[in-house]
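Trainee: This structure is in structure tokens; I'll ask about it shortly.
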Amino acid sequence: MVTDQDFQLFLYALKTSSKYDFSEYSEKSLKRRLIKVLTDNKLTVSAFINKLKNDADFVERTIKEITVNTTELFRDPQVWHAIRYAILPKLKSNSVINIWHAGCSTGQEVYSMMIILNEMGLLEKTKIYATDINTDVIDQAKKGEYKYRFNIGYLDNFDKVIKENPYNYEEYYDVPYEKYFSIDKGADSIKMNNFLREKPIYKKHDLVKETNTLYVKFDIIFCRNVIIYFNYNLQSRVFDLFQRNLYDSGCLILGMHETILGSYSVKFQKKGHAYYKN
Ligand SMILES: C[S@@+](CC[C@H](N)C(=O)[O-])C[C@H]1O[C@@H](n2cnc3c(N)ncnc32)[C@H](O)[C@@H]1O
């Protein structure tokens, strides 16, 4: 059981004794994760807070445990169809395309984008930046290796997004998945091919700090299934960061259950699955 006071003490300890500030995360899901961390580590709230104050490695481990890293290859195939058939065609004549995956988790979103870019002949001229607060997931993204048994659905998603065109059922691209990844059922592994693994620039980055430490502007910013964990104020500041760092014709892509509400909604215009800068 974590009382409101325990929760506030946890937020305060984290904020005052580390570089992290989770005080503007949405309370409900953060509390749930906190309870899980306490149970997994068999710690009372006071022992946990004490450890947070005195053990920097423990703080890092806690950050990794309280953030939610669920993701998949071509998550929400209809969004990837829109990216392929509505969003990317507008960028075809660019000499360079800059893309930022903010909150990239273990990299499946980044690989999905690179596969589509490659199918469209755009991968070479695209710079891909991928960031997350959690360095463990970044290491996994770089490795580009996933369990086969838990992720058989990746193959269905690949077929849906890469082989089919929902806007023209007569079109069918017979692209073998081996062009992009290999499957070793015995080793229970799906491994991304090297040309994809070596492409992105990965960096640790905390969206709460509201800075662009990549020092470039972007044509597309992905921030999918991340702001759902933030409260309204933090969401607004992150939208401001994105708005300032998109090119005038750039767009932001959020998760299926995320929207821009309040004053920032006038700074973007929603077209299909993308929010274009106004
Ligand atoms: C649910 S995953 C989303 C992964 C991917 N974008 C997708 O939609 O499939 C959320 C990711 O956001 C990251 N995250 C949470 N808070 C963050 C912050 N303040 N700054 C950067 N990343 C953060 C988590 O570590 C996690 O990897």
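What follows is calculated from the coordinates using simple rules that are stated; it is not laboratory data. All values reported here derive from a predicted model rather than from experimental measurement. Backbone-built Cβ (ideal geometry, glycine too); neighbour counts: all protein chains shown.
Trainee: Specify the residue that is farthest from LYS127 (Cα to Cα); the eligible residues are those in the range 222-251 that are within 12 Å of the ligand (Cβ to nearest atom) and in contact with a Gly (Cβ under 7 Å, 6 or more places away or on another chain).
Mentor: ILE228
Trainee: Sticking with this one: Could you list, in sequence order, all residues of the range 60-80 that are crowded, with 20+ Cβ neighbours inside 10 Å, more than 9 Å from the ligand (Cβ to nearest atom) and not hydrophobic (A, V, I, L, M, F, W, C)?
Mentor: Correct list: THR62 only.
Trainee: Here's another thing I want to ask about it. Residue by residue through the range 168-205, note down the ones that are in contact (Cβ under 8 Å) with a residue 40 or more places away in the chain, farther than 20 Å from GLY121 by Cα and either out of contact with any strand residue (DSSP E or B) (no Cβ under 9 Å at 6 or more places or on another chain) or of a type in the set (Lys, Arg) (or both).
Mentor: LYS191, LYS203, LYS204
Trainee: When SER265 is evaluated against the numbered criteria (1) touching a residue at least 24 places away in the same chain (Cβ under 8 Å); (2) more than 14 Å from the ligand (Cβ to nearest atom), which criterion, by number, is the only one it fails?
Mentor: (1)
Trainee: What number of residues in the range 24-51 are part of a helix (DSSP H, G or I) and either in contact with a strand residue (DSSP E or B) (Cβ under 7 Å, 6 or more places away or on another chain) or more than 16 Å from the ligand (Cβ to nearest atom) (or both)? Step through it out loud before you land on a result.
Mentor: At the first step, the residues of the range 24-51 found to be part of a helix (DSSP H, G or I) are 27-40, 45-51.
Within this subset, residues satisfying the condition of being either in contact with a strand residue (DSSP E or B) (Cβ under 7 Å, 6 or more places away or on another chain) or more than 16 Å from the ligand (Cβ to nearest atom) (or both) are 35, 38-40, 45-51.
Qualifying residue count, the range 24-51: 11.
Trainee: Here is a follow-up. Could you grab the pairs with beta carbons closer than 7 Å, sequence gap of 6+ or different chains, first residue in the range 64-76 and free of Cβ contacts under 8 Å to residues at least 40 places away in the same chain, second one more than 6 Å from the ligand (Cβ to nearest atom) and of a type in the set (A, V, I, L, M, F, W, C)?
Mentor: If the second residue must be more than 6 Å from the ligand (Cβ to nearest atom) and of a type in the set (A, V, I, L, M, F, W, C), the pairs left are GLU65/VAL37.
Trainee: Pick from the range 1-23 the residues that are in a loop (DSSP other than H, G, I, E, B) and aliphatic (A, V, I, L, M): which of them is surrounded by the most Cβ atoms within 10 Å (Cβ to Cβ)? Explain how you work it out, then say what you get.
Mentor: Taking the range 1-23 and keeping what is in a loop (DSSP other than H, G, I, E, B), we get 1-3, 18-23.
Applying the additional criterion that residues be aliphatic (A, V, I, L, M) yields 1-2.
Numbers: MET1: 6, VAL2: 15.
Per the stated criteria, the residue is VAL2.
Trainee: Please specify each residue of the range 193-246 satisfying the condition of being hydroxyl-bearing (Ser, Thr, Tyr) and surrounded by 14 or more Cβ atoms within 10 Å (Cβ to Cβ).
Mentor: Those that are hydroxyl-bearing (Ser, Thr, Tyr) and surrounded by 14 or more Cβ atoms within 10 Å (Cβ to Cβ): TYR202, TYR229, SER236.
Trainee: Report whether or not ILE83 is assigned to a strand (DSSP E or B), more than 7 Å from the ligand (Cβ to nearest atom), touching a residue at least 40 places away in the same chain (Cβ under 8 Å) and in contact with a helix residue (DSSP H, G or I) (Cβ under 8 Å, 6 or more places away or on another chain). Explain how you work it out, then say what you get.
Mentor: On the way: assigned to a strand (DSSP E or B): no; more than 7 Å from the ligand (Cβ to nearest atom): yes; touching a residue at least 40 places away in the same chain (Cβ under 8 Å): yes; in contact with a helix residue (DSSP H, G or I) (Cβ under 8 Å, 6 or more places away or on another chain): yes.
Considered against the rule, which asks whether it is assigned to a strand (DSSP E or B), more than 7 Å from the ligand (Cβ to nearest atom), touching a residue at least 40 places away in the same chain (Cβ under 8 Å) and in contact with a helix residue (DSSP H, G or I) (Cβ under 8 Å, 6 or more places away or on another chain), ILE83 comes out as no.
Trainee: Can you find a residue in the range 2-23 that is out of contact with any helix residue (DSSP H, G or I) (no Cβ under 6 Å at 6 or more places or on another chain), of a type outside the set (A, V, I, L, M, F, W, C), within 30 Å of TYR276 (Cα to Cα) and within 13 Å of the ligand (Cβ to nearest atom)?
Mentor: no
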